[in-house]
Structure formats: C-alpha cells, structure tokens
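The values are calculated or read from the model by the stated rules, or taken from the named source; none is laboratory data. What you are looking at is a predicted structure, and each value in this text was computed from that prediction instead of being measured. Every residue, glycine among them, receives a Cβ derived from its backbone with ideal geometry; neighbour counts consider all protein chains shown. Side chains included, ligands, DNA and RNA excluded: accessible areas come from the protein's heavy atoms. Shrake-Rupley method; radii C 1.70, N 1.55, O 1.52, S 1.80 Å.
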Amino acid sequence: MTDEVDRIVAAWQRERPDLDVEPLAVLSRVSRLARHLDLARRSAFDRHDLELWEFDVLSALRRAGEPYQLSPGALVTQTLVTSGTMTNRIDRLAARGLVERLPVPADRRGVLVRLTAAGRARVDAALEDLLRVEHGLLASLPEPDRQTLATLLRELVAPFDA
C-alpha cells in the first residue's frame, strides 16, 4: 500500500538525493492525520453547538471531577492560552450558561469557574460523539498496533510537554 506521502518522499529522493528525507515519511503523515482529526473534531463539536476552544475549557472542568470547578489559572495551564484569552473565553461560556463564576471562599479576590448542568450535558454529549468519530478513524488499525502507535507518539511528544 502506498499513499501520497510515499509519492512526495520518492519525488524528493529523486530530486534531492543528497538529503535524508526520512522525517517526511513520519511527520508528513502526522500532519495529514492532524488535519483529518481537526476536521472530524470540528464536525463532532458543531453537532453540539460547540467550538473547539469551548470543548477544551468545558472538558478541562469536566475532567476535574465534582464539583467540576477550577481556577482560571488552572484552566490557562490546561488549555495553553494566555490569561487574557481565558478571561474572554470564560466570559463567553458564562454568557451561554455553560459555566459560572464563583468566589473563592478563603480569598475574596479569587474566582473559581464551575461547569453548569447545561455545560456538563453539552460536553458529555460532545465527548461521546467525538469518541465515536475517533474510534472510526482508528478502526483500520488492530488493537496491538494502536497501543504501539500510542507508545511511539508519547515518546515523540513527551519532551514538548515537559
């Protein structure tokens, strides 16, 4: 079986035999998969009236466990955006009734962001839809290969997350 990346790599090998184009064989596929995954995720979230960033924030709160609340700083850390961006996102989600702001009991200046019942229902439904889509994307790989791929990708990505 060959794919478009094989054709690209072969063309570069023919045109630039002086270069080691091996990284293209892996990373071009990762890039193409990322585009397909992005489209699949957008489609799944659209069905639940959510943007990608909204799902990111809501899912961070949902993963926090009961009472499904985090500080804005914790949300910044988990979603890799600036504090100003997070403030804007919290404002927009609060306006939609998906989160609410609560005072920190021990610190009158502090704020907690809590997932509302509507936000929880929305993120749970979107996650179920997303997982159906992502299972479909991986369906052609046998389970042992999926585990191997996950391990290899973890080794590749871990230094960036450190």
Checklist outcome for this item: residue 81 vs (1) closer than 24 Å to residue 134 by Cα; (2) β-branched (Val, Ile, Thr); (3) outside any helix (DSSP H, G or I): all pass except (1)
Checklist entry - How many of the residues in the range 33-47 are under 16 Å from the mean Cα position of the chain (by Cα) and either of a type outside the set (A, V, I, L, M) or buried (at least 18 other Cβ atoms within 10 Å of the Cβ) (or both)? => result 9
Checklist entry - Has the range 53-67 got any residue that is open to solvent by 60 Å² or more (accessible area, probe 1.4 Å) and of a type in the set (A, V, I, L, M, F, W, C)? => result no
Item to check | residue 113 being touching a Gly at 6+ places or on another chain (Cβ under 6 Å) and surrounded by 10 or more Cβ atoms within 10 Å (Cβ to Cβ) | outcome: no
Item to check | Residue count for the range 87-107, restricted to those that are in contact (Cβ under 8 Å) with a residue 24 or more places away in the chain and either open to solvent by less than 30 Å² (accessible area, probe 1.4 Å) or over 23 Å from residue 46 (Cβ atoms) (or both) | outcome: 6
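Got at least one residue in the range 123-135 being under 19 Å from the mean Cα position of the chain (by Cα), part of a loop (DSSP other than H, G, I, E, B) and among the β-branched types (Val, Ile, Thr)?
First, the residues of the range 123-135 that are under 19 Å from the mean Cα position of the chain (by Cα): 123-135.
Checking the rest, the ones that are also part of a loop (DSSP other than H, G, I, E, B) come to none.
Scanning the range 123-135, I find no residue that is under 19 Å from the mean Cα position of the chain (by Cα), part of a loop (DSSP other than H, G, I, E, B) and among the β-branched types (Val, Ile, Thr), so the answer is no.
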Item to check | Residues satisfying the stated conditions in the range 68-80, i.e. aliphatic (A, V, I, L, M), surrounded by fewer than 17 Cβ atoms within 10 Å (Cβ to Cβ) and within 16 Å of the chain's Cα centre (by Cα) | outcome: 80
Checklist outcome for this item: Within the range 7-33, residues touching a helix residue (DSSP H, G or I) at 6+ places or on another chain (Cβ under 7 Å), of a type in the set (A, V, I, L, M, F, W, C) and either touching a residue at least 60 places away in the same chain (Cβ under 8 Å) or assigned to a helix (DSSP H, G or I) (or both) come out as 8, 9, 12, 24, 25
